[in-house]
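The values are calculated or read from the model by the stated rules, or taken from the named source; none is laboratory data. What you are looking at is a predicted structure, and each value in this text was computed from that prediction instead of being measured. FYI the Cβ positions are ideal-geometry reconstructions off the backbone, even for glycines, and counts take in every protein chain you see. The protein model used for the area step is the full one, side chains on, heavy atoms only, and it has no ligands, DNA or RNA in it. Shrake-Rupley method; radii C 1.70, N 1.55, O 1.52, S 1.80 Å.
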Amino acid sequence: MRKIKMLMVAVIVFMIAILPGIVTDAAPKNMYVHFINVGQGDSIYIKAPNGEDILIDGGNKDGSDVVAYLKKQKVKDIEIMIATHPDADHIGGLDEVLKAFPVKSVYAPKVGNTTQAYKDFLVAVKNKKLTIKVAKADVVLPIKGVTAKFVGPVKSYSTSDTNDWSAVLKVTYGKKSFLFTGDAETRAEADMVKAKKDLRADVLKVGHHGAKTSTSATLLKAVKPTYAVISVGKNAYGHPTSEVLNRLKSYKVKVFRTDKQGTIIATTNGTTLTFNVKPIY
């Protein structure tokens, strides 16, 4: 009996010793979404809960700001790079990112153009001996612990305007989700809704820097976002437009802007969602 008691005590002591480790391991990990301030352009860096690094777009022609930001975040390599569409203010800096980091996979919609920025991107991809994977609706990204799926484009559009070709990605971690829309405009938005894609998200990356040709009432009804992030800088287009700002306000969406607040960082453990700054609207 004495030996049994001693064994039980030993087991209890052992359990007490390892319990903190068990509790720590079970604690939910965070996912971080950085809407990098690149001026009039888009660049979004996602640190997935299990460590993968995802980059959506790379800002304008000079990608040194994106490279510097990623290095500051201690990024060593990039598992997934997404070029939403060929516009220079989205893919302009991706060639420099490709030169600076090992990249495992590159996704882009099946549309191109003749700009130097796009040519530089293609050359950089080729130099890395990578093949571009097609970004289109229903393609799922292999990211552990989250669901990452393209919900657009759902069809082909005219090659004269590449905005509607934008790769639209939905990322869900636990109960929280994000919708990254590139420069998708009202036609592409309506097509995604008509195709019954699951667009519901807590955070909406506002399309086309707040242009009036994106972020329609149709989209907002489908997404029902609590928060919206506008990636925008000094420009001659009037972005973000009063039409979009008023639309977001009418749907009671809390708005963040990179031109007013710098880089916006969202943090979620799958249950809660916080930002590094307060919304301005």
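In this structure, R200 qualifies as surrounded by fewer than 18 Cβ atoms within 10 Å (Cβ to Cβ) and in contact with a Lys or Arg (Cβ under 8 Å, 6 or more places away or on another chain). Would you check if V229 is out of contact with any strand residue (DSSP E or B) (no Cβ under 7 Å at 6 or more places or on another chain) and either assigned to a strand (DSSP E or B) or not acidic (D, E) (or both)? Taking the combined requirement at face value, the residue does not satisfy it.
Here A188 passes the criteria (1) without any contact (Cβ under 8 Å) to a residue 60 or more places away in the chain; (2) part of a loop (DSSP other than H, G, I, E, B); (3) farther than 22 Å from T267 by Cα except the one numbered (2). Applying a threshold of 9 Å to beta carbon distances and a minimum spacing of six or more residues, or different chains, the list of pairs starting in region 114-126 at a residue that is over 19 Å from D161 (Cβ atoms) and ending at one that is open to solvent by 50 Å² or more (accessible area, probe 1.4 Å) and modelled with pLDDT of 95 or more reads D120/E96; L122/I132; A124/E96; A124/K99; V125/T131; V125/I132. If you go through region 61-76 and keep only what is within 17 Å of the chain's Cα centre (by Cα) and either crowded, with 23+ Cβ neighbours inside 10 Å or not β-branched (V, I, T) (or both), you end up with V66, Y69, L70, Q73. Every listed requirement among (1) of a type outside the set (S, T, N, Q); (2) open to solvent by less than 20 Å² (accessible area, probe 1.4 Å); (3) free of Cβ contacts under 8 Å to residues at least 40 places away in the same chain; (4) not in a loop (DSSP other than H, G, I, E, B) is met by H34 save one, (3).
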